[in-house]
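Notes for the one structure printed next.
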Amino acid sequence: MHLIKEINTLLQGILLVRKKAEHDIMRSTVGSKRLRVVKNHGTWQYYVIERKGDSNGTYLPVEQRKTAKQIAQRDYAEQVLSVAAAWEERLNAAKVLIDTIPGNAIQTLTHPQSLHPGRAALITPYCLSDANYAAAWEAKPYRTKGVGPEWPVILTNKGERVRSKSEKIIADRLAALHIPYRYEAPLTLRGGVHVHPDFTILDVANRREVYLEHLGMLSRPKYAAENVDRVNRYAASGFKQGIDIFYTFECDGQPISTLQIDSIVIRFLPDYI
């Protein structure tokens with residue numbers, strides 16, 4: 001679930017801050033000294049407390065302000081560590097709780113297993129099951145870009161005509177994994193620019209479409225330049241690489257492999273198969 005990823009990102013950020021705080025404490029040379037801070041006539045004054053029971057401390061003149069900074073930095077680091085520990089405990093507890101929530105929680109709610117099949121035939125569910133949602137998405141017609149006569153005739157296992165053997169490999173792999181997709185379906189980018197991504201993939205669990213572009217002739221400078229521009233257009237339209245749009249690559253001597261494809265599409269495997 002996306003929440004788990006967000007929590008892990010927060011935990012990574014906390015870890016980085018915690019390491020900085022631990023480093024400051026480790027390199028501190030002020031021992032157990034404490035700091036008393038008062039304001040006198042609009043000016044901060046600093047007193048170092050070295051003994052228990054000493055509530056006033058010894059005044060630190062400006063030339064000894066470095067000691068005050070060291071004590072303050074150590075105290076700040078200790079405070080940061082305390083807050084970090086509290087947040088780590090809460091975030092890890094949240095991860096455990098989220099892990100108990102199934103990815104198909106909405107389906108479990110709207111399609112309870114205890115529902116009598118006779119009653120199920122009479123009701124209209126509040127939410128389509130993943131399988132029905134995917135089927136409806138795949139059944140919706142769309143206009144492809146079309147493969148011109150200058151291209152070789154290459155057909156996928158589903159009978160679709162694609163432009164290259166690599167695209168056939170991708171299409172057949174998606175089909176084998178039962179991942180719903182559309183080949184060269186239209187998409188409008190920011191500014192009204194119309195494009196046809198190689199593959200529009202249905203992320204069934206999250207009810208959204210993601211896109212896969214295959215960049216297959218990167219050895220050709222003109223093709224590479226055109227596709228750098230294409231990648232930039234997607235980014236300018238708000239598509240985040242690795243979240244909304246994915247790319248596969250190949251060039252002379254480096255053909256595409258199913259491992260490259262699987263590393264991307266396996267995250268969209270439907271739960272209903």
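Numerical summary
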| item | result |
| --- | --- |
| Cross-chain or 6+ apart pairs with Cβ under 9 Å, region 45-74 first and more than 24 Å from D24 (Cβ to Cβ), then open to solvent by less than 80 Å² (accessible area, probe 1.4 Å) and of a type in the set (V, I, T) | S55/I49; N56/I49; Y59/V48 |
| Pairs, first more than 17 Å from A185 (Cα to Cα) in region 145-158, second among the β-branched types (V, I, T) and surrounded by 11 or more Cβ atoms within 10 Å (Cβ to Cβ), C-beta under 6 Å, six or more apart | I154/V162 |
| In region 92-132, residue farthest from L11 (Cα to Cα) [restricted to those that are polar (S, T, N, Q) and loosely packed, with under 11 Cβ neighbours inside 10 Å] | T124 |
| Residue match in region 197-208 (condition: over 22 Å from P270 (Cβ atoms) and modelled with pLDDT of 90 or more) | no |
| Pick from region 12-35, criterion among the basic types (K, R) and in a loop (DSSP other than H, G, I, E, B), ranking: nearest to the chain's Cα centre (by Cα) | R27 |
| Matching residues, region 186-235, being under 25 Å from N132 (Cβ atoms) and basic (K, R) | R207, R208 |
| Residue match in region 191-204 (condition: of a type outside the set (V, I, T), out of contact with any Cys (no Cβ under 8 Å at 6 or more places or on another chain), buried (at least 20 other Cβ atoms within 10 Å of the Cβ) and farther than 20 Å from R163 by Cβ) | yes |
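The values are calculated or read from the model by the stated rules, or taken from the named source; none is laboratory data. The model shown is predicted, which means the values in this text are computed figures rather than measured ones. A quick note on method: Cβ atoms are made from the backbone with ideal geometry, for glycine too, and the neighbour counts reach across all protein chains shown. Heavy atoms of the whole protein, side chains included, go into the accessibility calculation; ligands, DNA and RNA do not. Shrake-Rupley method; radii C 1.70, N 1.55, O 1.52, S 1.80 Å.
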